[in-house]
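These notes are about the structure you will find just below.
The values are calculated or read from the model by the stated rules, or taken from the named source; none is laboratory data. Here the structure is a predicted model, which means the values were calculated and not measured. Cβ sites come from the backbone with ideal geometry, for glycine too, and all protein chains shown count toward neighbours. The accessibility values were calculated without ligands, DNA or RNA, using every heavy atom of the protein model including side chains. Shrake-Rupley method; radii C 1.70, N 1.55, O 1.52, S 1.80 Å.
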Amino acid sequence: PARYFDTRTTEPISFFLSSLEELLAWQPDSNDAFNVSAVPLAQRQPPLRSRRPRTLVCHDMRGGYLEDRFIQGSATRNPYVFYHWRYIDIFVYFSHHTVTIPPVCWTNAAHRNGVPVLGTFITEWTDGEKLCEAFLGGGEEAYRAVGEQLARIAQHYRFDGWLVNVENTLSAAAVGNLPPFLRHLTAQVHSAVPGGLVIWYDGVVRNGALKWQNELNEENRVFFDACDGLFTNYNWKEEHLERTLRLAGPRHTDVYVGVDVFARGDVIGGGFDTDKSLRLIRQYDLSAAIFAPGWVYEHLGEENFLRNENKFWGSLAEYLHTHSICTLPLATSFSLGMGTSRFLDGKEEEAGPWYDLSAQEIQPLYPEHEGTLSTSCCLQDAWCGGSSLRVQGTIAPREERVAIRLFSLQMPAPPKLFLTLLYKLEGPHPDELTVALELSTWRSGTCHEGNVTSLPEPNSRHHPRLLPAPPPGLATLLAACDRGSNGWTSRGVPCRHPACRCYELELQDCSLRDLSLLVSRQQLSPEETSFTCLLGELRV
């Protein structure tokens, strides 16, 4: 059927629903299996329900369902990818189709990195008025059926809820039924989807007029009170934020202040000035909704997209709260789910472009310090997948080392940790540098490293020790390292050696805090030392 399979290639595709009739007629189908997310939502800290201001990203690109609709990937050169998952809380897939079911590749990638995904239920223009009249203008039975179907769809495809966007005028009867519809939909989603969410977009007001408010106020509060949050329109000023904070009270982090990266209309910031918007939003302790960050790709072009993407998100980092991994094991090859070749065990298996976000691995933090440190994707060389993580920086004069924070962690330390790292040092003098991993911990009572009690400070740093051989349980996992590796090194040991080396750390009474890459030079120098290190795989 054309809904489920591309008519040109016959490959399975993600799809949307175009009408109320299609929504009400929807049933799980035997062709659906391709579209069901295979990746459960990973836990992370702090959880979404914490009162910390959040960051929502709303993906809107050229109508949606582009190359990302191909569930088993495509041979796309220079595709759009998103990978700054550590910095955001919610991902919304937006289109102008009535029921936007997120392409499953986005749900898989987001869930692997701990981010919930919302679809969009939108009505607009004259057709939207008719649609709303059909399900809101009548009795309770009609709107309850719509709410139940939307909840069933989210549950079936395993995404996490809905952005509801009504951008057309409503009759008195329809607007009267809108709050009970939102309450019913929200209850149904909460029941069907653990951690599910329903967020309302600031379009119509309580009398049914289409009148964007750019804030939470008495005109739209009735809809905010009926669901999990409000996504405001984009043409706000500071006084709108002041009034919103006052009215929202303890729910202030449930207001997502809209920021259009394309800067359409009378807005603050946009483009590479988006940080100006976020600075103000955070001053008022509100959440942010970043709309159409694909501006980087659409406006600045595909060729330098990855560099510009890092620049864009780096400019916002000061105002984005990072998230911590809270479960082990942790394993990643840093692949973005795209590439110019496919690699396995450090060797190029197949040349040619590919794109499959379902194959994106767990992504790290992407720390940037102007002139002294950058982290980016390297498509030219990888251990597995399509890319490795390139870490470039300098060790300052008379400094021995530099630590690059890759992951924030938040969990009690197990009594014993094993770590492996595959990497390559590039540049003129790799022999003068050593690469290692460093774990920092919070003290729970007193922190012990092995049998030695460390100083009772809140942040202790630990350096895992080399094992003569991997323990039996890990030997099979690391066997790939023995098969030759094009210069990839396993944490200080070239992989052509008889076995991949493994590192161990024993801890007591600690909580894990940060996992960092440590680049050191053999001898102190009055000069700065530059380095480039490719990370191919990390396991904890």
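How many residues does region 218-243 hold that are within 25 Å of A187 (Cβ to Cβ), out of contact with any Cys (no Cβ under 9 Å at 6 or more places or on another chain) and not small (G, A, S)? Outline the logic, then answer.
Restricting attention to region 218-243, the residues satisfying the condition of being within 25 Å of A187 (Cβ to Cβ) are 218-232.
After this cut, where a residue has to be out of contact with any Cys (no Cβ under 9 Å at 6 or more places or on another chain) as well, the list is 218-230, 232.
So of that shortlist, the ones also not small (G, A, S) come out as 218-225, 227-228, 230, 232.
Matching residues across region 218-243 total 12.
In region 10-41, how many are over 24 Å from T123 (Cβ atoms), touching a residue at least 40 places away in the same chain (Cβ under 8 Å) and open to solvent by 40 Å² or more (accessible area, probe 1.4 Å)?
Residues flagged as over 24 Å from T123 (Cβ atoms), touching a residue at least 40 places away in the same chain (Cβ under 8 Å) and open to solvent by 40 Å² or more (accessible area, probe 1.4 Å) within region 10-41 amount to 6.
Of all the helices (runs of 4 or more DSSP H) wholly in region 204-307, which have at least 3 residues that are under 27 Å from the mean Cα position of the chain (by Cα)?
On the way: elements: 221-224, 238-248, 274-283, 295-300.
Passing ranges, in order: 238-248, 274-283, 295-300.
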Of the numbered conditions (1) under 15 Å from N108 (Cβ atoms); (2) at pLDDT below 95, S50 fails exactly one; give the number of that condition.
(1)
Taking the condition of being of a type in the set (A, V, I, L, M, F, W, C) and either surrounded by fewer than 19 Cβ atoms within 10 Å (Cβ to Cβ) or assigned to a helix (DSSP H, G or I) (or both), how many residues in region 342-364 meet it?
4
Here's a check for you: in region 185-198, which residue that is aliphatic (A, V, I, L, M) and over 23 Å from D127 (Cβ atoms) is most open to solvent (accessible area, probe 1.4 Å)?
A187
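Quick grid of which residues meet (1) surrounded by fewer than 18 Cβ atoms within 10 Å (Cβ to Cβ); (2) without any contact (Cβ under 8 Å) to a residue 60 or more places away in the chain:
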{"site": "V259", "(1), (2)": "no, yes"}
{"site": "G271", "(1), (2)": "yes, yes"}
{"site": "A289", "(1), (2)": "no, no"}
{"site": "P293", "(1), (2)": "no, no"}
{"site": "L316", "(1), (2)": "no, no"}
{"site": "H321", "(1), (2)": "yes, no"}
Just one of G346, G371 is of a type in the set (G, A, S), more than 21 Å from P103 (Cβ to Cβ) and out of contact with any helix residue (DSSP H, G or I) (no Cβ under 9 Å at 6 or more places or on another chain); which is it?
G371
Given the conditions (1) in contact (Cβ under 8 Å) with a residue 40 or more places away in the chain; (2) among the hydrophobic types (A, V, I, L, M, F, W, C); (3) surrounded by fewer than 24 Cβ atoms within 10 Å (Cβ to Cβ), which single one is not true for L66?
(1)
Subset of region 385-418 (residues that are outside any strand (DSSP E or B) and buried (at least 22 other Cβ atoms within 10 Å of the Cβ))
G386, S387, A413
The listed residue being within 23 Å of F291 (Cβ to Cβ), assigned to a strand (DSSP E or B), open to solvent by less than 20 Å² (accessible area, probe 1.4 Å) and assigned by the TED database to the domain that holds T55, out of L163, L178, L182:
L163
Considering only residues of region 94-105 that are within 22 Å of F305 (Cα to Cα) and in contact with a helix residue (DSSP H, G or I) (Cβ under 6 Å, 6 or more places away or on another chain), which is surrounded by the fewest Cβ atoms within 10 Å (Cβ to Cβ)?
C105
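Is it true that some residue in region 78-85 is outside any loop (DSSP other than H, G, I, E, B), hydrophobic (A, V, I, L, M, F, W, C), in the same structural domain as F181 (by the TED database) and farther than 25 Å from N304 by Cα? Spell out the reasoning first.
Taking region 78-85 and keeping what is outside any loop (DSSP other than H, G, I, E, B), we get 85.
Applying the additional criterion that residues be hydrophobic (A, V, I, L, M, F, W, C) yields 85.
Imposing the further condition that a residue be in the same structural domain as F181 (by the TED database) reduces the set to 85.
In the following step, the residues that additionally are farther than 25 Å from N304 by Cα were identified as none.
No, the conditions are met nowhere in region 78-85.
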List every residue pair whose Cβ atoms sit under 7 Å apart, with the two residues 6 or more apart in sequence or on different chains, where the first one lies in region 177-198 and is under 18 Å from Y256 (Cβ atoms) and the second, anywhere, is open to solvent by 30 Å² or more (accessible area, probe 1.4 Å) and part of a loop (DSSP other than H, G, I, E, B).
G195/L41; G195/L48
On the given criteria, is G427 open to solvent by less than 60 Å² (accessible area, probe 1.4 Å), modelled with pLDDT under 75 and farther than 19 Å from S333 by Cα?
no
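For region 1-47, which residues satisfy the criterion of being in a helix (DSSP H, G or I) and among the aliphatic types (A, V, I, L, M)? Walk me through it before giving the result.
As a first pass, look at region 1-47 and keep what is in a helix (DSSP H, G or I): 20-25, 30-35.
Residues satisfying the conditions are L20, L23, L24, A25, A33.
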Quick check on my filter: what residues within region 353-412 are basic (K, R) and within 22 Å of R44 (Cα to Cα)?
R405
